[in-house]
Amino acid sequence: MSAQMPESALLERAMMVPYQAISMPNTTKRGLKLLMRRDDLIDPNAIGNKFYKLYFNINHAIKSHKRRLVTMGGPWSNHLLACAQAARKNGMQSRALIRGKHHKFLSQTLQDCQSLGMQLDFVSTTEYQSLTNLPHSEQASLPDKLLENRQHDYFIPEGGCNDLGVNGCQYIGQAIRRYSGTPSSVCVAVGTGGTFRGVVQGLGGLCHTLGVAVLKNTHKKTTLFGLGSINHQPWSLAWGFDLGGYGRRLPAQAVNFWRTFEQNNQIAIDPVYTLKMLWGVDQLARLGYWNTGDTVIVIHTGGLQGRRGFSQQMDWPTPKPVM
């Protein structure tokens with residue numbers, strides 16, 4: 001992404017994202033019309049929702065005359081790679097605090113970040129958690145660990161989940177509002193929650209928004225759903241579909257589901273976010289969550305580079321994207 005593209009063009013760009021009819025075992029049995037919004041195609045680097053999350057952050061950093069992006073993430077983070085790419089494209093430096101110890105061999109994601117000039121600093125899991133719990137609204141309150149040079153550094157929190165990131169993701173919802181027809185639900189994977197929040201706000205009450213939590217123990221209640229509202233817009237959050245947790249080895253049934261989906265629909269998906277969301281949608285369809293004939297839009301949030309961390313579990317060719 002480039003700050004040279006005017007902010008007013010973001011909605012137009014979002015409206016160009018195609019929708020593709022897809023099928024899954026239980027949604028087909030229930031007679032649902034399933035459409036996938038292909039936000040993995042919004043950028044040649046397939047960074048998906050990170051395009052929206054970084055859009056206003058990059059613009060603000062440049063307008064504030066910042067020289068370096070500083071952020072956080074794990075060794076396979078889509079967000080880190082997207083930040084490194086954005087910094088390089090806009091003539092900025094980049095730095096990342098990486099969760100966990102520095103191993104002898106970097107992940108392929110971190111190798112890519114490093115090749116783009118990103119400075120990698122590793123912190124313990126405990127320290128990382130303490131840093132992610134800091135408020136993001138006031139950069140002046142952030143510790144020196146995050147901002148080495150407060151005059152030149154611009155901090156973007158883990159996953160790009162700040163107000164500017166949420167604002168960018170609203171354009172996904174706004175674009176769906178302008179798509180022909182009114183769906184019964186719009187479904188999206190939920191990690192840090194910024195994309196989900198933005199989609200809810202952007203839809204403006206057009207339809208119900210369902211978030212599928214991809215992190216383990218997102219909620220410890222025994223119920224399947226959490227209900228709430230954002231700016232008076234209703235939403236539901238479903239958990240129990242994390243498939244073992246973030247970045248964990250997938251169970252055999254999930255791998256089979258993944259393989260079958262890609263072979264039937266010829267769409268490559270990432271195993272950390274979109275796969276879990278689709279798994280959740282298919283299981284909820286089996287439980288009768290939707291009515292026969294309902295139209296459900298599922299959002300492909302990109303992140304295909306994360307497939308590399310699961311290469312040992314993949315024994316089928318990756319479908320090539322069709323533009």
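The values are calculated or read from the model by the stated rules, or taken from the named source; none is laboratory data. The shown structure was predicted, so the numbers you read here are calculated from the model rather than taken from an experiment. We place every Cβ from the backbone using ideal geometry, glycine too, and count neighbours over all the protein chains shown.
Mind listing just one residue for me: the one in region 22-59 that is outside any loop (DSSP other than H, G, I, E, B) and more than 21 Å from the chain's Cα centre (by Cα) and, of those, farthest from ALA254 (Cα to Cα)? Working first, answer last.
Restricting attention to region 22-59, the residues satisfying the condition of being outside any loop (DSSP other than H, G, I, E, B) are 22, 25-29, 33-41, 49-59.
Checking which are more than 21 Å from the chain's Cα centre (by Cα) leaves us with 25-29, 33.
Values: PRO25: 13, ASN26: 14, THR27: 16, THR28: 18, LYS29: 19, LYS33: 22 Å.
Among those residues, the one meeting the criterion is LYS33.
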*For residues in region 63-79 being at negative phi and in a loop (DSSP other than H, G, I, E, B), which is surrounded by the most Cβ atoms within 10 Å (Cβ to Cβ)?*
SER77
*Only one residue in ARG308, ARG249, ARG286 is over 24 Å from CYS169 (Cβ atoms), among the basic types (Lys, Arg) and in contact with a Lys or Arg (Cβ under 8 Å, 6 or more places away or on another chain). Which one?*
ARG286
_Which listed residue, of THR218, THR260, THR223, is of a type outside the set (A, V, I, L, M) and at pLDDT 90 or above_ = THR260
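Filter region 255-294 down to the residues that are hydroxyl-bearing (Ser, Thr, Tyr) and in a helix (DSSP H, G or I), then identify the one that is surrounded by the fewest Cβ atoms within 10 Å (Cβ to Cβ).
Pass one, region 255-294, residues hydroxyl-bearing (Ser, Thr, Tyr): 260, 273-274, 289, 292.
Filter once more, so that each one left must be in a helix (DSSP H, G or I): 260, 274.
Details: THR260: 13, THR274: 30.
Checked region 255-294; the qualifying residue surrounded by the fewest Cβ atoms within 10 Å (Cβ to Cβ) is THR260.
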*So ARG248 fits all but one of (1) over 25 Å from ARG30 (Cβ atoms); (2) in contact (Cβ under 8 Å) with a residue 60 or more places away in the chain; what number is the exception?*
(2)
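Here are ALA96, ALA82, ALA86: which of them is within 23 Å of the chain's Cα centre (by Cα), buried (at least 17 other Cβ atoms within 10 Å of the Cβ) and not in a helix (DSSP H, G or I)? Walk me through it before giving the result.
Values: ALA82 fails: not in a helix (DSSP H, G or I); ALA86 fails: not in a helix (DSSP H, G or I).
Of ALA96, ALA82, ALA86, the one residue that is within 23 Å of the chain's Cα centre (by Cα), buried (at least 17 other Cβ atoms within 10 Å of the Cβ) and not in a helix (DSSP H, G or I) is ALA96.
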_Which count do you get for residues in region 50-62 that are over 19 Å from TYR171 (Cα atoms) and buried (at least 21 other Cβ atoms within 10 Å of the Cβ)?_
1
_Restricting to region 155-171, give me the number of residues that are part of a helix (DSSP H, G or I) and more than 13 Å from ALA82 (Cβ to Cβ)._
7
*Out of (1) surrounded by 15 or more Cβ atoms within 10 Å (Cβ to Cβ); (2) within 30 Å of VAL199 (Cβ to Cβ), the odd one out for SER130 is which?*
(1)
*Identify all residues within region 274-308 that are touching a helix residue (DSSP H, G or I) at 6+ places or on another chain (Cβ under 8 Å) and among the small types (Gly, Ala, Ser); write none if there are none.*
ALA285, GLY302, GLY303, GLY306
